[in-house]
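What follows is a short report on a single structure.
The values are calculated or read from the model by the stated rules, or taken from the named source; none is laboratory data. These numbers were taken from a predicted model, which means no experiment stands behind them. Heads up, the Cβs are rebuilt from the backbone with ideal geometry, glycines too, and the neighbour counts pull from every protein chain shown.
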Amino acid sequence: MNRAKYYTNKEAEVVQCHLCPMACVLENGEVGDCLVRVNKDGELYTKAYGNPVAAHVDPIEKKPLFHFYPGAKAFSIGTAGCNLHCLNCQNAEISQCSPDRIRNISLSPKEVVDTTLDYNGHIIAYTYTEPTVFYEYMYDTSVLAHESGLKNVMITAGYINPKPLRDLAPYMDAANIDLKSFDEDIYRKINKVELKPVLKTLKVLKEEGVWVEITNLVIPGWTDNMETIQKMCDWLVANGFEDAPLHFSRFHPTYKLMDAPPTPFKTLKQAKQVALDAGIKHVFIGNVPGTEDEHTFCPECGKKLINRHGFGTSGINITNGKCDYCGAEISGMWGE
(Lines give C-alpha, C1' and ligand atoms only; values in the text may rest on other atoms or scores of the structure.)
Protein backbone atom coordinates (compact mmCIF):
# COMPACT_ATOMS: atom_id res chain seq x y z
CA MET A 1 0.00 0.00 0.00
CA ASN A 2 1.07 3.58 -0.71
CA ARG A 3 0.33 6.66 1.35
CA ALA A 4 -2.78 8.43 0.08
CA LYS A 5 -3.30 12.14 -0.50
CA TYR A 6 -6.17 14.39 0.59
CA TYR A 7 -7.27 13.43 4.07
CA THR A 8 -7.33 14.89 7.56
CA ASN A 9 -7.05 13.38 11.00
CA LYS A 10 -10.34 13.77 12.85
CA GLU A 11 -9.22 12.34 16.20
CA ALA A 12 -7.03 9.53 17.47
CA GLU A 13 -6.69 7.02 14.63
CA VAL A 14 -9.76 8.41 12.80
CA VAL A 15 -9.34 10.00 9.36
CA GLN A 16 -11.59 11.68 6.84
CA CYS A 17 -10.87 11.29 3.12
CA HIS A 18 -11.22 14.42 0.97
CA LEU A 19 -10.52 12.93 -2.46
CA CYS A 20 -14.15 12.69 -3.51
CA PRO A 21 -17.50 14.04 -2.25
CA MET A 22 -18.22 10.80 -0.37
CA ALA A 23 -15.95 12.23 2.37
CA CYS A 24 -15.62 8.87 4.12
CA VAL A 25 -14.79 8.98 7.84
CA LEU A 26 -12.76 5.89 8.68
CA GLU A 27 -11.73 4.37 11.97
CA ASN A 28 -8.53 2.37 12.18
CA GLY A 29 -8.70 -0.60 9.81
CA GLU A 30 -11.78 0.60 7.95
CA VAL A 31 -11.88 0.82 4.15
CA GLY A 32 -13.60 3.59 2.20
CA ASP A 33 -16.72 3.21 0.11
CA CYS A 34 -14.43 2.90 -2.94
CA LEU A 35 -12.88 -0.33 -1.53
CA VAL A 36 -9.45 1.20 -2.14
CA ARG A 37 -8.56 3.70 0.59
CA VAL A 38 -7.88 2.32 4.06
CA ASN A 39 -7.10 3.79 7.48
CA LYS A 40 -3.96 2.22 8.89
CA ASP A 41 -3.09 3.43 12.38
CA GLY A 42 -4.52 6.89 11.77
CA GLU A 43 -2.99 7.40 8.31
CA LEU A 44 -4.74 6.95 4.97
CA TYR A 45 -3.31 4.51 2.43
CA THR A 46 -4.34 3.39 -1.04
CA LYS A 47 -4.48 -0.22 -2.17
CA ALA A 48 -4.55 0.86 -5.82
CA TYR A 49 -1.02 1.80 -6.82
CA GLY A 50 1.07 0.09 -9.47
CA ASN A 51 -1.36 -2.84 -9.67
CA PRO A 52 -3.76 -2.45 -12.62
CA VAL A 53 -6.26 -5.22 -13.30
CA ALA A 54 -6.31 -4.30 -16.99
CA ALA A 55 -3.69 -2.91 -19.37
CA HIS A 56 -4.32 -2.78 -23.11
CA VAL A 57 -3.61 -0.70 -26.19
CA ASP A 58 -6.94 0.76 -27.38
CA PRO A 59 -8.05 3.13 -30.14
CA ILE A 60 -8.65 6.58 -28.66
CA GLU A 61 -12.13 6.41 -30.22
CA LYS A 62 -13.02 3.60 -27.82
CA LYS A 63 -12.85 5.90 -24.79
CA PRO A 64 -14.75 7.62 -26.51
CA LEU A 65 -12.66 10.65 -27.49
CA PHE A 66 -13.54 11.65 -31.06
CA HIS A 67 -11.87 15.06 -31.31
CA PHE A 68 -8.60 14.22 -29.57
CA TYR A 69 -5.90 12.94 -31.93
CA PRO A 70 -8.29 10.81 -33.99
CA GLY A 71 -6.85 7.49 -35.08
CA ALA A 72 -4.30 7.41 -32.24
CA LYS A 73 -3.75 4.47 -29.91
CA ALA A 74 -3.76 4.81 -26.13
CA PHE A 75 -2.06 2.55 -23.61
CA SER A 76 -4.96 2.09 -21.20
CA ILE A 77 -4.81 1.06 -17.55
CA GLY A 78 -7.25 0.70 -14.65
CA THR A 79 -7.18 -0.76 -11.15
CA ALA A 80 -9.94 -2.40 -9.13
CA GLY A 81 -12.34 -0.27 -7.12
CA CYS A 82 -14.80 2.57 -7.73
CA ASN A 83 -16.49 5.33 -5.74
CA LEU A 84 -19.77 4.76 -7.60
CA HIS A 85 -22.00 1.70 -7.42
CA CYS A 86 -23.96 1.90 -10.67
CA LEU A 87 -26.76 -0.57 -11.20
CA ASN A 88 -25.74 -0.75 -14.85
CA CYS A 89 -21.99 -1.15 -14.37
CA GLN A 90 -20.39 -2.95 -17.31
CA ASN A 91 -17.21 -3.76 -15.36
CA ALA A 92 -18.67 -4.70 -11.98
CA GLU A 93 -16.35 -7.68 -11.59
CA ILE A 94 -13.41 -5.28 -11.28
CA SER A 95 -15.00 -1.99 -10.22
CA GLN A 96 -16.90 -3.45 -7.26
CA CYS A 97 -13.90 -5.39 -6.01
CA SER A 98 -11.03 -4.48 -3.71
CA PRO A 99 -7.57 -4.42 -5.38
CA ASP A 100 -6.29 -6.98 -2.87
CA ARG A 101 -9.01 -9.49 -3.77
CA ILE A 102 -8.39 -9.79 -7.49
CA ARG A 103 -5.55 -10.82 -9.75
CA ASN A 104 -3.64 -7.80 -11.03
CA ILE A 105 -0.50 -6.75 -12.87
CA SER A 106 2.62 -5.20 -11.36
CA LEU A 107 3.21 -2.02 -13.36
CA SER A 108 4.89 1.01 -11.81
CA PRO A 109 4.32 4.55 -13.16
CA LYS A 110 7.69 4.41 -14.91
CA GLU A 111 6.85 1.04 -16.45
CA VAL A 112 3.56 2.45 -17.78
CA VAL A 113 5.45 5.29 -19.45
CA ASP A 114 8.18 3.00 -20.77
CA THR A 115 5.62 0.56 -22.17
CA THR A 116 3.83 3.38 -23.98
CA LEU A 117 7.10 4.60 -25.48
CA ASP A 118 8.10 1.06 -26.45
CA TYR A 119 5.16 0.70 -28.83
CA ASN A 120 5.70 4.27 -30.15
CA GLY A 121 2.49 5.48 -28.52
CA HIS A 122 1.94 9.00 -27.27
CA ILE A 123 -1.19 8.70 -25.10
CA ILE A 124 -1.86 7.05 -21.73
CA ALA A 125 -5.51 6.52 -20.76
CA TYR A 126 -6.73 6.03 -17.20
CA THR A 127 -9.94 4.10 -17.66
CA TYR A 128 -11.87 0.81 -17.34
CA THR A 129 -12.99 1.44 -13.72
CA GLU A 130 -12.84 4.88 -12.05
CA PRO A 131 -9.46 6.65 -12.14
CA THR A 132 -10.40 8.86 -9.20
CA VAL A 133 -9.90 5.93 -6.83
CA PHE A 134 -6.39 5.25 -8.12
CA TYR A 135 -5.61 8.96 -8.04
CA GLU A 136 -2.05 8.73 -6.65
CA TYR A 137 -1.08 6.13 -9.28
CA MET A 138 -2.65 8.23 -12.04
CA TYR A 139 -1.05 11.43 -10.78
CA ASP A 140 2.49 10.05 -10.52
CA THR A 141 2.20 8.36 -13.91
CA SER A 142 0.82 11.53 -15.50
CA VAL A 143 3.71 13.62 -14.25
CA LEU A 144 6.26 11.16 -15.64
CA ALA A 145 4.30 10.94 -18.89
CA HIS A 146 4.42 14.69 -19.46
CA GLU A 147 8.14 14.71 -18.72
CA SER A 148 8.50 12.14 -21.53
CA GLY A 149 6.34 14.10 -23.98
CA LEU A 150 3.27 11.87 -23.66
CA LYS A 151 -0.38 12.89 -23.41
CA ASN A 152 -2.73 11.80 -20.60
CA VAL A 153 -6.48 11.22 -20.76
CA MET A 154 -8.94 10.01 -18.14
CA ILE A 155 -12.32 8.40 -18.62
CA THR A 156 -14.24 9.23 -15.49
CA ALA A 157 -17.61 9.68 -13.82
CA GLY A 158 -16.23 12.98 -12.53
CA TYR A 159 -17.04 12.33 -8.87
CA ILE A 160 -13.96 14.04 -7.44
CA ASN A 161 -13.37 17.12 -5.30
CA PRO A 162 -12.11 20.35 -6.93
CA LYS A 163 -8.74 20.52 -5.08
CA PRO A 164 -7.34 17.14 -6.23
CA LEU A 165 -8.80 17.73 -9.69
CA ARG A 166 -7.06 21.10 -10.03
CA ASP A 167 -3.80 19.55 -8.83
CA LEU A 168 -4.10 16.87 -11.51
CA ALA A 169 -5.30 19.11 -14.35
CA PRO A 170 -1.86 20.46 -15.45
CA TYR A 171 -0.89 16.89 -16.37
CA MET A 172 -4.21 15.83 -17.89
CA ASP A 173 -4.73 16.67 -21.56
CA ALA A 174 -8.26 15.35 -22.07
CA ALA A 175 -11.15 13.76 -20.23
CA ASN A 176 -14.38 12.07 -21.12
CA ILE A 177 -16.93 12.74 -18.39
CA ASP A 178 -19.72 10.23 -17.97
CA LEU A 179 -22.64 12.55 -17.25
CA LYS A 180 -25.06 9.83 -16.29
CA SER A 181 -28.21 11.90 -16.05
CA PHE A 182 -29.39 15.42 -15.32
CA ASP A 183 -31.70 14.37 -12.52
CA GLU A 184 -30.55 14.20 -8.89
CA ASP A 185 -33.05 11.50 -7.99
CA ILE A 186 -31.94 9.26 -10.88
CA TYR A 187 -28.29 9.78 -9.92
CA ARG A 188 -28.94 8.65 -6.37
CA LYS A 189 -30.99 5.62 -7.44
CA ILE A 190 -28.80 4.30 -10.26
CA ASN A 191 -25.32 5.52 -9.36
CA LYS A 192 -25.55 6.05 -5.57
CA VAL A 193 -24.00 9.54 -5.82
CA GLU A 194 -25.13 13.09 -6.60
CA LEU A 195 -25.17 15.14 -9.80
CA LYS A 196 -23.93 18.51 -8.52
CA PRO A 197 -20.26 17.49 -7.95
CA VAL A 198 -20.08 16.13 -11.51
CA LEU A 199 -21.22 19.47 -12.91
CA LYS A 200 -18.54 21.15 -10.80
CA THR A 201 -15.96 18.78 -12.29
CA LEU A 202 -16.98 19.84 -15.79
CA LYS A 203 -16.56 23.50 -14.88
CA VAL A 204 -13.17 22.93 -13.24
CA LEU A 205 -11.82 21.02 -16.24
CA LYS A 206 -12.94 23.80 -18.56
CA GLU A 207 -11.34 26.43 -16.35
CA GLU A 208 -8.10 24.44 -16.29
CA GLY A 209 -7.97 24.08 -20.08
CA VAL A 210 -8.46 20.31 -20.26
CA TRP A 211 -10.13 19.08 -23.47
CA VAL A 212 -13.52 17.63 -22.49
CA GLU A 213 -15.94 15.25 -24.17
CA ILE A 214 -19.14 14.04 -22.53
CA THR A 215 -20.95 10.71 -22.60
CA ASN A 216 -24.60 10.22 -21.64
CA LEU A 217 -25.92 6.66 -21.46
CA VAL A 218 -29.58 6.63 -22.46
CA ILE A 219 -31.33 3.96 -20.37
CA PRO A 220 -35.00 3.22 -21.23
CA GLY A 221 -37.27 4.13 -18.36
CA TRP A 222 -34.45 5.83 -16.48
CA THR A 223 -32.52 8.43 -18.45
CA ASP A 224 -34.49 8.66 -21.70
CA ASN A 225 -36.75 11.56 -20.71
CA MET A 226 -36.34 14.19 -23.43
CA GLU A 227 -37.24 17.07 -21.13
CA THR A 228 -34.38 16.07 -18.83
CA ILE A 229 -32.04 15.66 -21.80
CA GLN A 230 -33.13 19.12 -22.96
CA LYS A 231 -32.20 20.57 -19.55
CA MET A 232 -28.82 18.84 -19.70
CA CYS A 233 -28.05 20.20 -23.15
CA ASP A 234 -29.22 23.70 -22.20
CA TRP A 235 -26.91 23.61 -19.16
CA LEU A 236 -23.97 22.48 -21.29
CA VAL A 237 -24.49 25.30 -23.78
CA ALA A 238 -25.04 27.89 -21.05
CA ASN A 239 -21.76 26.85 -19.41
CA GLY A 240 -19.65 26.96 -22.55
CA PHE A 241 -19.68 23.31 -23.63
CA GLU A 242 -21.34 23.78 -27.03
CA ASP A 243 -18.04 22.80 -28.71
CA ALA A 244 -17.51 19.73 -26.51
CA PRO A 245 -18.48 16.52 -28.33
CA LEU A 246 -21.51 14.87 -26.74
CA HIS A 247 -21.87 11.10 -27.06
CA PHE A 248 -25.30 9.55 -26.53
CA SER A 249 -24.61 5.88 -25.83
CA ARG A 250 -26.91 2.92 -26.31
CA PHE A 251 -27.70 0.89 -23.21
CA HIS A 252 -27.60 -2.91 -23.15
CA PRO A 253 -28.98 -4.90 -20.19
CA THR A 254 -26.24 -5.64 -17.66
CA TYR A 255 -25.42 -6.22 -13.97
CA LYS A 256 -28.43 -5.13 -11.86
CA LEU A 257 -30.42 -3.58 -14.72
CA MET A 258 -31.13 -6.74 -16.67
CA ASP A 259 -34.84 -5.88 -16.80
CA ALA A 260 -34.33 -2.69 -18.83
CA PRO A 261 -34.38 -3.18 -22.63
CA PRO A 262 -31.71 -1.98 -25.06
CA THR A 263 -32.14 1.65 -26.08
CA PRO A 264 -34.22 2.00 -29.27
CA PHE A 265 -32.24 3.70 -32.01
CA LYS A 266 -35.05 6.21 -32.56
CA THR A 267 -34.69 7.34 -28.93
CA LEU A 268 -30.98 8.01 -29.48
CA LYS A 269 -31.75 9.92 -32.68
CA GLN A 270 -34.31 11.98 -30.81
CA ALA A 271 -31.79 12.80 -28.08
CA LYS A 272 -29.23 13.78 -30.72
CA GLN A 273 -31.69 16.16 -32.35
CA VAL A 274 -32.50 17.74 -28.98
CA ALA A 275 -28.79 18.38 -28.45
CA LEU A 276 -28.27 19.83 -31.91
CA ASP A 277 -31.29 22.08 -31.53
CA ALA A 278 -29.91 23.28 -28.18
CA GLY A 279 -26.73 24.43 -29.93
CA ILE A 280 -24.27 21.59 -29.31
CA LYS A 281 -22.14 21.36 -32.45
CA HIS A 282 -20.85 17.80 -32.39
CA VAL A 283 -23.25 15.06 -31.27
CA PHE A 284 -22.59 11.35 -31.71
CA ILE A 285 -24.42 8.08 -31.07
CA GLY A 286 -22.38 5.31 -29.48
CA ASN A 287 -22.77 1.52 -29.28
CA VAL A 288 -24.55 1.56 -32.66
CA PRO A 289 -21.79 1.03 -35.23
CA GLY A 290 -22.24 1.51 -38.94
CA THR A 291 -24.38 4.66 -38.91
CA GLU A 292 -23.77 8.24 -40.02
CA ASP A 293 -24.03 9.23 -36.36
CA GLU A 294 -20.45 8.18 -35.61
CA HIS A 295 -18.89 10.56 -38.17
CA THR A 296 -17.79 14.15 -37.62
CA PHE A 297 -19.46 16.74 -39.82
CA CYS A 298 -18.64 20.41 -40.17
CA PRO A 299 -21.27 22.41 -38.24
CA GLU A 300 -21.04 25.18 -40.86
CA CYS A 301 -20.99 23.55 -44.31
CA GLY A 302 -22.21 20.05 -43.35
CA LYS A 303 -19.36 18.19 -45.08
CA LYS A 304 -18.08 14.94 -43.56
CA LEU A 305 -14.74 15.65 -41.89
CA ILE A 306 -13.91 12.36 -40.15
CA ASN A 307 -15.19 9.01 -41.36
CA ARG A 308 -15.46 6.42 -38.58
CA HIS A 309 -16.02 2.70 -38.92
CA GLY A 310 -16.19 0.94 -35.58
CA PHE A 311 -13.21 2.31 -33.69
CA GLY A 312 -11.27 3.11 -36.86
CA THR A 313 -11.01 6.43 -38.68
CA SER A 314 -10.25 7.47 -42.24
CA GLY A 315 -10.46 10.51 -44.46
CA ILE A 316 -9.71 13.20 -41.86
CA ASN A 317 -10.45 16.50 -43.61
CA ILE A 318 -9.32 18.87 -40.88
CA THR A 319 -6.14 20.92 -41.23
CA ASN A 320 -4.79 23.11 -38.45
CA GLY A 321 -8.10 22.79 -36.65
CA LYS A 322 -10.15 24.00 -39.62
CA CYS A 323 -12.58 22.40 -42.05
CA ASP A 324 -10.83 21.64 -45.34
CA TYR A 325 -13.95 22.67 -47.25
CA CYS A 326 -15.10 25.96 -45.74
CA GLY A 327 -12.39 26.91 -43.25
CA ALA A 328 -14.65 26.82 -40.20
CA GLU A 329 -12.96 26.25 -36.84
CA ILE A 330 -13.46 22.67 -35.63
CA SER A 331 -13.02 22.25 -31.88
CA GLY A 332 -10.61 19.56 -30.75
CA MET A 333 -6.96 18.60 -30.38
CA TRP A 334 -5.73 17.47 -33.74
CA GLY A 335 -1.95 17.27 -33.48
CA GLU A 336 0.33 18.26 -36.31
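Could you say whether any residue in the stretch 139-153 is over 27 Å from GLY71 (Cβ atoms) and in contact with a Pro (Cβ under 6 Å, 6 or more places away or on another chain)? I'd like the intermediate steps shown before the answer.
Going residue by residue through the stretch 139-153, those that are over 27 Å from GLY71 (Cβ atoms) are 139-140.
With in contact with a Pro (Cβ under 6 Å, 6 or more places away or on another chain) added as a condition, the list becomes 140.
Looking for residues that are over 27 Å from GLY71 (Cβ atoms) and in contact with a Pro (Cβ under 6 Å, 6 or more places away or on another chain), one finds at least one in the stretch 139-153, hence yes.
Being surrounded by fewer than 16 Cβ atoms within 10 Å (Cβ to Cβ) and within 11 Å of ILE77 (Cα to Cα) is the filter here, so list the residues in the stretch 96-107 that pass it.
Passing the criteria: only ILE105.
Would you be able to tell me the number of residues in the stretch 23-37 that are surrounded by fewer than 23 Cβ atoms within 10 Å (Cβ to Cβ) and either part of a strand (DSSP E or B) or in contact with a Gly (Cβ under 7 Å, 6 or more places away or on another chain) (or both)? Write out each step before concluding.
First, the residues of the stretch 23-37 that are surrounded by fewer than 23 Cβ atoms within 10 Å (Cβ to Cβ): 23-31, 33, 35.
Applying the additional criterion that residues be either part of a strand (DSSP E or B) or in contact with a Gly (Cβ under 7 Å, 6 or more places away or on another chain) (or both) yields 24-28, 31, 35.
Total meeting the criteria: 7.
Inside the stretch 318-332, can you point out the residues that are assigned to a strand (DSSP E or B) and touching a Leu at 6+ places or on another chain (Cβ under 9 Å)?
Taking the stretch 318-332 as the starting set, the residues that turn out to be assigned to a strand (DSSP E or B) are 318-319, 322-323, 329.
Selection gives ILE318, CYS323.
Since THR313 meets every condition but one in (1) at pLDDT below 95; (2) part of a loop (DSSP other than H, G, I, E, B), which condition does it not meet?
(2)
Consider ALA48 against the criteria (1) under 23 Å from ASN2 (Cα atoms); (2) touching a strand residue (DSSP E or B) at 6+ places or on another chain (Cβ under 6 Å): it satisfies all of them except one. Which criterion is unmet?
ALA48 satisfies every listed condition except (2).
Restricting the stretch 255-300 to residues that are at pLDDT 95 or above and hydroxyl-bearing (Ser, Thr, Tyr), which is nearest to GLY312 (Cα to Cα)?
Taking the candidates together, the pick is THR296.
Might you let me know whether the stretch 263-281 holds any residue that is within 19 Å of ALA174 (Cα to Cα) and either without any contact (Cβ under 8 Å) to a residue 40 or more places away in the chain or not hydroxyl-bearing (Ser, Thr, Tyr) (or both)? Show your work before the answer.
Residues of the stretch 263-281 that are within 19 Å of ALA174 (Cα to Cα), as a first pass: 280-281.
In the following step, the residues that additionally are either without any contact (Cβ under 8 Å) to a residue 40 or more places away in the chain or not hydroxyl-bearing (Ser, Thr, Tyr) (or both) were identified as 280-281.
Checked the stretch 263-281: at least one residue is within 19 Å of ALA174 (Cα to Cα) and either without any contact (Cβ under 8 Å) to a residue 40 or more places away in the chain or not hydroxyl-bearing (Ser, Thr, Tyr) (or both).
Of the conditions (1) under 16 Å from VAL274 (Cα atoms); (2) in contact with a Gly (Cβ under 9 Å, 6 or more places away or on another chain), TRP211 fails just one. Which one is it?
Of (1) under 16 Å from VAL274 (Cα atoms); (2) in contact with a Gly (Cβ under 9 Å, 6 or more places away or on another chain), only one is false for TRP211: (1).
Which ones in the stretch 102-148 are farther than 24 Å from TYR6 by Cβ, in a helix (DSSP H, G or I) and either under 15 Å from the mean Cα position of the chain (by Cα) or of a type in the set (D, E, K, R) (or both)?
GLU111, ASP114, ASP118 - these are the residues of the stretch 102-148 that are farther than 24 Å from TYR6 by Cβ, in a helix (DSSP H, G or I) and either under 15 Å from the mean Cα position of the chain (by Cα) or of a type in the set (D, E, K, R) (or both).
The rows are residues; the columns are (1) within 25 Å of the chain's Cα centre (by Cα); (2) among the charged types (D, E, K, R); (3) farther than 26 Å from PRO220 by Cα.
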{"site": "GLN270", "(1), (2), (3)": "yes, no, no"}
{"site": "ALA275", "(1), (2), (3)": "yes, no, no"}
{"site": "GLU300", "(1), (2), (3)": "no, yes, yes"}
{"site": "LEU305", "(1), (2), (3)": "yes, no, yes"}
{"site": "GLY321", "(1), (2), (3)": "yes, no, yes"}
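In the stretch 165-195, what residues are out of contact with any Asp or Glu (no Cβ under 7 Å at 6 or more places or on another chain), farther than 22 Å from THR254 by Cβ and in a helix (DSSP H, G or I)?
Matches in the stretch 165-195: LEU165, ASP167, LEU168, PRO170, TYR171.
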